[in-house]
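The values are calculated or read from the model by the stated rules, or taken from the named source; none is laboratory data. Small disclaimer: the values here were computed from a predicted structure and weren't measured. Using ideal geometry, Cβ is built from the backbone for each residue, glycine included, and neighbour counts are taken over all protein chains shown. Accessible surface is based on the protein model in full, side chains and every heavy atom, while ligands, DNA and RNA are left aside. Shrake-Rupley method; radii C 1.70, N 1.55, O 1.52, S 1.80 Å.
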Amino acid sequence: MSDGFIELRNIRKVFAGVVALDAMSLVIKPGEIHCLAGENGSGKSTVIKIMSGVYRPDGGEILIDGKPIAAMTPIEAIAHGVQVIYQDFSLFGNLTVAENLAMNVHLGEKRRLMNWRRTRAIAREAVDRLGVELDLDAEVASLPTAGKQLVAIARALMSDARLIIMDEPTTALTRKEVETLFRIVRDIQARGIAILFVSHKMREMLEISERITVIRNGRKVAEGPTGDFDEALITRHMTGGDILNEPYAWTPPPGPPPVPRLEIRGLTVPGKCEDLSLAIRPGEIVGLSGLLGSGRTDLALALFGMVPGYKGEILIDGAPVRLRTTQEAIAAGIAYVPEDRLTEGLFLPQSIKRNMLATSYERLAPKLVIDRSQAEEMTQGMVRAMQIATPTAEKPVMQLSGGNQQRVVLARWLLTDARVLILNGPTVGVDVGSKAEIHAKIRELAQHHGLAVLMISDDVLELVQNCNRIVLMHRGCFIEDLPAAAVTEETVSDRLKTFT
Amino acid sequence: MALLRRSETVIAGILLLAMVLIGTINPAFWQLDNLFSLMRSNVIIGIMAMGVLLVLISGGIDVSFPAFAVAAMYLTIKGMLALGYNGVVLPLLAATLMGLAFGAVNGFFVYKFRMIPLIVTLGTSAMVRGFLLGVVGTSMININKMPTALIDFARTDVVSVTKADGTTYGLTAMVLIYLGLALAMHLVLRYTMIGRSAYALGGDPEAARRAGFDLRKTIFFIYCVAGALAGFAGLLHSGMIWLANPRDFVGLELDVIAAVVLGGASIFGGRGSVLGTMLGVFMLVMVKNSLIIMRVDTTWQLVVVGLIVIAATALSAWRDRRRAA
Ligand SMILES: Nc1ncnc2c1ncn2[C@@H]1O[C@H](COP(=O)(O)OP(=O)(O)OP(=O)(O)O)[C@@H](O)[C@H]1O
Ligand SMILES: [Mg+2]
């Protein structure tokens, strides 16, 4: 009847009253590259967890090779060749790369003993297969995000997989790494392995996949060969509407040039970045791009008081400040939305409200007692303004989808009355619909509240569309400072490609 | 370089430093009989520490093992007296099994109800102690009633030396049992999947579940082994001190946890080694022993042990944060 390797039929999943999936159907054919598109909170991650046996559906059927599976468990899913690379990678930070890689093989073979030599051999093979350099003896916790992801991908590739599911695999990768990943994806497809790919980057989806399923509010709304789709169509299916995007224009006010909101003079972080000078005036949105390791994050951290040993000057509204702690940075009016929201930004088990108010408590409680009604008002306003999909602000952040978590982080900083907003990958893992909303919010803050915004991103299009200037960074130095009106996505990408 | 980065090397360095320091203050420290007696004091704490190490690695904590140890010990000896049995192997086995059964209760609550291990083990600890004193008895069993076979067994020496004044002293053979168990624990942790699953569970429970580890097995194994080691150590202890006291081991959990953390195990789970733990145990015993020799009051000894726990935990937290950065 069906020629699918794995098929979901009318799957339903309810979390404490929230319907995450409702009559969701999905067919993945053997050896195909399939993309799952949908807005934040539409249920993509939940679909994956059902396919991999992590969640048990409340209704519907799972079929593998046309045969229904009574109760899918993680072990059974793995035995059937379903491998998942999770958004959080699901690695053991306290163990070495080698052991992380070999773990599933050992478990699959139901070993009782640990053979370290074989562990290394397995790991070596996995890494070679991926065609990357990884120190097998390094502890995974010590690797950068991109490195952790490589380990997770290498691990999934090595089992006798028939389907590899990747939940937003490219969010933390640079363009170059994405190309490597795609090369690998095509390579494993050539071996007859199917790939299910979740991404918010339309272009990537259209580039890599053969078939696309679009999901909205826990239901399949469209399905077909990739050739039948384009960006606008996917967007329409995802959101039920169209999205317009105009570039951001900033014109200096008449009269003498205003004092820069943020100015850095000769900022140096030993070994990371050198002699950086930059001025951002009120209302400006300055984009910053560069390869991973170019020093862009170090600059951001220095501005947020996390690198007390920096040299050089930082001025806010013309007044020199010394930023040795994050408290000093916040007091100086700087807000920082980190790259890795999961480990740097959020207290996952805590409620949305608490997470949002985390940096505002001092303001809310001038005399040690929190003004509850004001706190309530502020959170409610933000939940609405940021359109966070939740019935209540008391829900733990953990239970939100990835994109909604990102909105909570943003909301927190918007509440601090910051004058300088530093965004590191502000829309990583955020769908097109919410991306547009977040961008609109950022523009509004710059335009109407006079914030200076420094937007760090790998997504060149995002910078071109939302910044009035783009600064390119390489090996710790500013290479170029381009007016956004004079560049296109292509010219900037091409320029970035020349950095190696 | 790799050797220098290992926490065991650092701990060994600190230990050596402490030994030199103590040796300078009190030259008698380096005398063979003092060293022998130090090693003897390592045995019971060391065996229990192996269990606590396993629990800490898995991300849990166990404060019930002293209660289990005393219950297993007292019940076994009471049983031996009641039956008139005088042996070594069977009683040790019985005490071990009793500890194991108590440990299984911990495992049950931790696994089944996903309860915080601290609360579970606080609860079982109080219950077991209460039951022992309330139902079984409060009276000490002295040397005159203690089973002789146990005492003779615990009195075995590996080497013995005769001093100039004719008195003899030796190194107890119980050290070999401790070393044997430590070696076994090392092998389990390093070369078995169940050992690795403890590290995995302590590293990231969610990832461990997804990877397909049988966490029920792992958790039961961990708490059963910790209980079994406590039961075994409890009975061995009574043989070594010729006394079965149902109020023994009060406050020992602090010492043992201090020793394990001192040995580099992370209080957050996922990290720790047998070698480090053995060094930690040695350090703790040595410090306490020196405090006694220096006639420091027992209350002040408590302060020192508390300080050690806090300092060692702070240090390991600092280390883990640096690693993650
Ligand atoms: N463990 C949970 N408990 C309660 N609600 C949950 C849980 N996991 C997911 N949900 C809810 O189910 C819905 C679907 O979430 P899911 O994570 O599948 O979305 P997603 O499509 O992956 O979104 P994103 O693109 O933001 O990652 C959301 O409304 C989310 O809040
Ligand atoms: Mg998701």
_Going by amide H atoms built from the backbone, whose H comes under 5 Å of the H on A:D22, apart from near neighbours?_
A:K13, A:R219
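How much of the pair distance distribution for the range B:4-126 lies past 26 Å, counting alpha-carbon pairs only, in percent?
Working: 3351 of 7503 pairs.
Percent of Cα pairs beyond 26 Å in the range B:4-126: 45.
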*Which whole number in µm²/s is D for the range B:165-285 by Stokes-Einstein, with the Kirkwood Rh taken over Cα pairs at 25 °C and 0.890 mPa s?*
150 µm²/s
*Provide the packing ranking of A:375-383, B:268-276, i.e. peptides ordered by the mean count of other C-beta atoms within 10 Å per residue, highest first.*
B:268-276, A:375-383
*asked:* Quick check on chain A: helices-only [θ] at 222 nm, where DSSP H runs of length 4 and up contribute -39,500 (n - 2.57) each and the sum goes over total residues. Nearest 500, please.
replied: -10000 deg cm²/dmol
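Tell me, what is the per residue accessible area of the protein assembly as shown in Å², probe radius 1.4 Å? Intermediate results must be reported in sequence, preceding the final value.
Values: 35890 Å² over 825 residues.
Each residue of the protein assembly as shown exposes 44 Å² on average to a 1.4 Å probe.
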_Ranked by how many other beta carbons lie within 10 Å on average, peptides B:87-95, B:227-235 from highest_ = B:227-235, B:87-95
*Can you give the mean number of other chain Cβ atoms that lie within 10 Å of the Cβ atoms in peptide A:86-95?*
6
_Compute, for chain A, the length of the dipole vector about the Cα centre, with Cβ point charges of +1 (Lys, Arg) and -1 (Asp, Glu) only. Units Debye, rounded to 20._
1080 debye
_Along its three principal axes, how long is the range B:38-186 when you only count alpha carbons? Whole Å, largest extent first please._
60, 37, 24
*Along the charge dipole of the range A:262-498, which of A:A486, A:V471, A:L303 sits closest to the positive end, that is, farthest toward it, with unit charges on the beta carbon of Lys, Arg, Asp and Glu (+1, +1, -1, -1)?*
A:L303
*Using Cα atoms only, what is the angle between the long axis of helix A:402-414 and the major principal axis of chain A, expressed in degrees (0 to 90) to the nearest 10?*
10 degrees
*How big, in percent, is the set of alpha carbon pairs in the range A:262-498 lying more than 33 Å apart?*
16 percent
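Using a probe radius of 1.4 Å on protein heavy atoms only, what is the accessible area buried between chains A and B, both sides summed, to the nearest 100 Å²?
Working: alone 22150 and 15770 Å², together 35890 Å².
In total, chains A and B hide about 2000 Å² from solvent.
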*For the range A:437-498 and the range B:79-140, what is the separation of their Cα centres, given in Å?*
66 Å
*Within 10 Å, count the other beta carbons around each residue, average over each peptide in A:447-457, B:129-139, A:163-173, and list them highest first.*
A:163-173, A:447-457, B:129-139
*Any lysines with Cα under 20 Å of the A:K148 Cα? List them, leaving off those in the same chain fewer than 8 positions away.*
A:K176
_Inter-chain Cβ neighbour average for residues B:197-206, partner chain, 10 Å_ = 4
*asked:* Can you tell me the orientation of helix A:175-189 relative to chain A, as the angle in degrees between its alpha-carbon axis and the longest Cα principal axis, to the nearest 10?
replied: 10 degrees
*Tell me, what is the 1.4 Å probe accessible area of A:E490, in Å² to the nearest 10?*
110 Å²
_aspartates and glutamates with Cα under 20 Å of B:K288, excluding same-chain neighbours fewer than 8 positions away_ = B:D33, B:D248, B:E253, B:D255, B:D297
*So, with a 1.4 angstrom probe, what is the percent of accessible area on the range B:223-325 that is carbon and sulfur?*
72 percent
*Relative to the longest principal axis of the C-alpha atoms of chain A, give the angle of the C-alpha long axis of helix A:372-385, reported between 0 and 90° and rounded to the nearest 10°.*
70 degrees
*Would you kindly derive the ³J(HN,Hα) couplings of the range A:318-331 from the backbone phi angles with the Karplus curve 6.51 cos²θ - 1.76 cosθ + 1.60 (θ = phi - 60°), listing them in order in whole Hz, with x for Gly and Pro?*
x, 9, x, 10, 10, 10, 9, 9, 5, 4, 4, 5, 5, 4
*asked:* Give the lysines whose C-alpha is closer than 21 Å to that of A:K395, dropping any in the same chain fewer than 8 places away, or say none.
replied: A:K13, A:K44, A:K49, A:K353
*asked:* 7 Å from Cα along Cα→Cβ at both B:T299 and B:L118: what's the point-to-point distance in nm?
replied: 2.6 nm
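Can you pull the mean other chain C-beta count within 10 Å for peptide A:70-77? Intermediate results must be reported in sequence, preceding the final value.
Values: counts 0, 0, 0, 1, 5, 4, 1, 2.
Taking the mean over all residues of the peptide, I get 2.
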_J(HN,Hα) series, the range B:48-56, from Karplus relation 6.51 cos²θ - 1.76 cosθ + 1.60, nearest Hz, glycine and proline x_ = 5, 4, 4, x, 5, 4, 4, 5, 5
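Of A:K29/A:K201; A:K220/A:K435; A:K67/B:K112, which sit over 25 Å apart, Cα to Cα? Before the final figure, lay out each step's value.
Numbers: A:K29/A:K201 23 Å; A:K220/A:K435 22 Å; A:K67/B:K112 32 Å.
Where the Cα-Cα span goes over 25 Å, the pairs concerned are A:K67/B:K112.
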*With unit charges on the beta carbon (Lys/Arg positive, Asp/Glu negative), name the residue among A:G224, A:S159, A:A71 whose Cα is farthest towards the positive pole of the charge dipole of the range A:6-239.*
A:A71
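Taking all protein chains in place and a 1.4 Å probe, what share, in percent, of the accessible surface of the range A:262-498 do carbon and sulfur account for?
Details: 5240 of 9790 Å².
Here carbon and sulfur together make up 53 percent of the probe-accessible area.
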